[in-house]
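A.B. asks: Here it is, the structure, as structure tokens.
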Amino acid sequence: MSVEVAGMGRAKADGPLKLAVPRGALLEGTLDALDAVGIDTAAARGGSRSLIFPGEAITLVTMRPSDVPTYVEAGAADVGITGKDVLLEQADRMVYELLDLGFGRCRMVLAGRQGDERLGEAERRLGMMRIATKYPRVAERYFEATGRQVEVIEVKGSVELAPLIGLADGIVDLVATGRTLEENDLEERQEIAVCTARFVANRVAHKLRSKEVDELTAKLREGVAQ
Amino acid sequence: MRRFAGAAKSAKMIYPIPPGTRDVLPDEMRELRRLHLALIEVFEGRGYGEVATPAIEYDEVLARGDGRTADSAYRFFDERGDLLALRPDMTVPIARLVATRYANAELPLRLCYLANAFRAVRPQRGQMREFAQAGVELIGAPAPQGTAEVVEVLEAALDAAGLDRAVIGLGDADLHRQLLTEFGVEGEVRNSVLERLAMHDLVGLEVELSEAGIGEERCATCVALSQLRGGSEVLEQARALGGAAVERATARLGETFEALQARGAADRVQIDLGLLRHLGYYSGAILEVYDPALGYVLGGGGRYDGLLKRFGVDLPAAGFALYLERVHVAQMEEESRREDS
């Protein structure tokens, strides 16, 4: 089945504003926020495998949260919603961060094994810690800013595994409730950042479609205030 | 040199090129050449003589023009041990050229160029490390008429490239700097606020401003100003927010806009009080170019009245540069759009 959407080529469309919607943990909150400002999200909710949901004024494009800055920076999507953790990790992507949407609240933390002094021990006796993370650039910046030397080890899957079987002394990861940490005998040591969902815009769309972008921003801001 | 594993095994040898660079083959070259000629014809037709400068300069010379030479990706030593760098843009080399070769020339001086420049950008992001820029420099013509002339030439260049939907953003480089000084925000804090503004990180901006302790109303003024963009009505909206810095910047922008109107060149100009450019030498009017067919900025420029002074000749100046490859992409998109409709 092919979805006919005007101007879906390389060029930015002149038609509806394209909004990048993150799949996964932020999906529910994103669709609720969009519902609240009068955007029809019924099609995107139905568990459909389609990626593009055309609408009258706004077309929803679903993707991995970490791809949102990529699509928005290039103007393939005009605006988008993604987590601050993604924006921090991809800080060099030139997207305009217009609004803190408040939902999807998580914290980026440094964690180590419960009751285990390996983190401090490694720092004292070996001069550096080994840190496993899915956010290597956030971790590097954080330790650099706090004057500590670390070896950052990038992993793709469950980070909690790394300190348990000796790949790393600690981890930098996102926690919502802290249950995953607890279940794996890990505990938080330091908070690095608080991350919530953010509304972002492409630089050119922000200039050339200013009315639509401003209106949507204002409506979303009202939704956050409530 | 790095070779891909296995390259030697196949009959055909594949030799890579450094990231962020590329080859241009005849079909594309033909179109780029046509675009190049069309642009230079516009520039020459308006009295801008084409110049070329060396791709390598002394690093010290580039740093004199713009302290933030972190942009030049490629630095190396020559046989005498002098530090050289590939130019990150053409404005500083032309400032050097004017100071050395045209110190006593009749003003204004009109120069144009089409040249490759080099920056340490991360590849795979619609941006190359080696890229072609086409632009003009107008030296010795102060604001507002000098700025208006440059915008007029820019519009003619966009027309010649077939980008009739392109929009030029016009902002003021001093607005936010002076506003923050007026609010008593100085030093490190001011720099990080300006950095947030340049990146348009409004969430971070509000945090930085509230930490600066200037009060809610002033925070709101800064944020609101950065979102004002549109026709001449935004100047009124800005003035309503008050303050001496805003007054001065809107007066400057108003004069430039009137000069543009008098030339019949204001229709494609969007006044944008949120505009901030990263390059360190801008003062007063700044420009950015957008086309609806492309998500990236096509080019930019503005006034740099203090730049020539750093090279010993105190002259007002303004100019712009278009990224040739991006203009070419936009041109292609606009052509296919016109064919579709």
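The values are calculated or read from the model by the stated rules, or taken from the named source; none is laboratory data. Predicted model, so just to flag it, every value in this text is computed and none were measured. Using ideal geometry, Cβ is built from the backbone for each residue, glycine included, and neighbour counts are taken over all protein chains shown. What goes into the accessible areas is simple: the full protein's heavy atoms, side chains included, and nothing from ligands, DNA or RNA. Shrake-Rupley method; radii C 1.70, N 1.55, O 1.52, S 1.80 Å.
A.B. asks: Which parts of the range B:87-134, residue by residue, lose 30 Å² or more of accessible area when the rest of the protein chains are there, as against the chain isolated (1.4 Å probe)?
C.D. replies: B:122, B:125
A.B. asks: Leaving out ligands, DNA and RNA but keeping every protein chain, what accessible area does residue A:146 have, in Å² rounded to the nearest 10, with a 1.4 Å probe?
C.D. replies: Its accessible surface works out to 70 Å², give or take rounding.
A.B. asks: Follow-up question, since we're still on this one. For chain A, with all protein chains present and a 1.4 Å probe, just round the carbon and sulfur fraction of the accessible area to a whole percent.
C.D. replies: On chain A, the fraction of accessible area on carbon and sulfur atoms equals 49 percent.
A.B. asks: Using a 10 angstrom Cβ neighbour count of at most 10 plus a DSSP loop assignment to flag exposed GluC sites (Glu not before Pro), which longest range of chain B is free of such sites?
C.D. replies: It works out to B:107-341.
A.B. asks: Please give the average number of partner chain Cβ atoms lying within 10 Å of the Cβ of each residue in A:98-108, rounded to a whole number.
C.D. replies: Taking the mean over all residues of the peptide, I get 1.
A.B. asks: Per residue of the range A:197-209, in order, report the coupling 6.51 cos²θ - 1.76 cosθ + 1.60 (Karplus, θ = phi - 60°) as ³J(HN,Hα) in whole Hz, putting x for Gly and Pro.
C.D. replies: Karplus values, whole Hz, x for Gly and Pro: 6, 10, 9, 10, 9, 6, 4, 6, 4, 4, 8, 8, 10.
A.B. asks: Using only the alpha-carbon atoms of the range A:105-203 as identical scatterers, what base-10 log of I(q)/I(0) does the Debye formula give at q = 0.10, 0.17 Å⁻¹?
C.D. replies: Log10 of I(q)/I(0), two decimals: -0.26, -0.71.
A.B. asks: Kindly state, to the nearest 0.05, the FRET efficiency for residue A:145 paired with residue B:78, given R0 = 30 Å and r defined as their beta-carbon distance.
C.D. replies: 0.20
A.B. asks: In vacuum, with every alpha carbon of chain A counted as one equal point scatterer, what does the Debye formula give for log10 I(q)/I(0) at q = 0.16 Å⁻¹? Two decimals, please.
C.D. replies: After summing over all Cα pairs, the log10 values are -1.04.
A.B. asks: Considering only the other residues whose Cβ falls under 9 Å of the Cβ of residue A:115, what net charge follows from Lys and Arg at +1 and Asp and Glu at -1?
C.D. replies: Within the 9 Å Cβ shell, the charges total -3.
A.B. asks: Just to check, using Stokes-Einstein with a Kirkwood Rh over alpha carbon pairs, what's the diffusion coefficient of the protein assembly as shown at 4 °C and 1.567 mPa s in µm²/s?
C.D. replies: 50
A.B. asks: Measure up A:134/A:211; A:18/A:219; A:156/A:219; A:84/A:207; A:18/A:84; A:84/A:211 against 27 Å on the Cα-Cα distance and list the ones that go over.
C.D. replies: Pairs exceeding the cut-off: A:134/A:211; A:156/A:219.
A.B. asks: Please list the non-local residues whose amide H lies under 5 Å from the amide H of residue B:172, H modeled 1.01 Å from N, same-chain partners needing a gap of 5 or more.
C.D. replies: Sorted by chain and number, the residues that satisfy this are B:275, B:286.
A.B. asks: Which order do you get for A:141, A:124, B:30 if you rank them by accessible area with a 1.4 Å probe, largest at the top?
C.D. replies: Greatest to least solvent exposure: A:124, B:30, A:141.
A.B. asks: What share of Cα pairs, in percent, lie more than 22 angstrom apart in the range B:158-281?
C.D. replies: Percent of Cα pairs beyond 22 Å in the range B:158-281: 37.
A.B. asks: How many percent of all Cα-Cα pairs in chain B sit more than 40 Å apart?
C.D. replies: Cα-Cα pairs in chain B separated by more than 40 Å: 15 percent.
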